[in-house]
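One structure is given below, encoded as structure tokens.
The values are calculated or read from the model by the stated rules, or taken from the named source; none is laboratory data. Just so you know, these numbers come straight off a predicted model, no measurement behind them. Every residue, glycine as well, gets a Cβ built from its backbone with ideal geometry; the counts of neighbours run over all protein chains shown. The accessibility values were calculated without ligands, DNA or RNA, using every heavy atom of the protein model including side chains. Shrake-Rupley method; radii C 1.70, N 1.55, O 1.52, S 1.80 Å.
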Amino acid sequence: QVQLVESGGDLVQPGGSLRLSCAASGFTFSSYTMSWYRQAPGEERQWVASIFSDGTKSYPEAMQGRFTISRDNAENRVFLLMISLKPEDTAVYYCKAYVRGTAYWGQGTQVTVSS
């Protein structure tokens, strides 16, 4: 079955950086688009970045410049590099795969940006 396991979340000071990782299994990873979302307390889940099977990347305008998505098809992993972090980036970050018509989510990893 499809499994997604995020890691790398932490408490970081404003201006700091983090790299999140999502380990995928149960499907042909290289063939599918992978995405990152985030959800802050009391808010809706928000799209952060996507990377397609051909390596093309897509971001909402608000995320461009500070967030970089990448993938390692040999390791079945997708990454999210975040720089210049701000307190408003505090959220649970989720990995998502859309496989054969079904959306799969990981359990999330907490990112807290605070001094």
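Residues in region 62-97 that are under 19 Å from GLY108 (Cβ atoms), over 11 Å from the mean Cα position of the chain (by Cα) and in contact (Cβ under 8 Å) with a residue 60 or more places away in the chain: LEU85, PRO87. Exactly one residue out of GLY42, GLY65, GLY16 is open to solvent by less than 50 Å² (accessible area, probe 1.4 Å) and outside any strand (DSSP E or B): that is GLY16. Within region 45-58, the set of residues being open to solvent by 50 Å² or more (accessible area, probe 1.4 Å) and of a type outside the set (Gly, Ala, Ser) comprises ARG45, GLN46, TRP47, PHE52, ASP54, THR56, LYS57.
For region 71-115, a residue qualifies if it is closer than 14 Å to SER17 by Cβ and small (Gly, Ala, Ser), and exactly one does: SER84.
Scanning region 69-98 for residues being modelled with pLDDT of 95 or more, out of contact with any strand residue (DSSP E or B) (no Cβ under 7 Å at 6 or more places or on another chain) and in a strand (DSSP E or B) gives a total of 1.
Among the residues of region 19-29, those that are over 19 Å from ALA91 (Cα atoms) and surrounded by 13 or more Cβ atoms within 10 Å (Cβ to Cβ) comprise ALA23, ALA24, GLY26, PHE27, PHE29.
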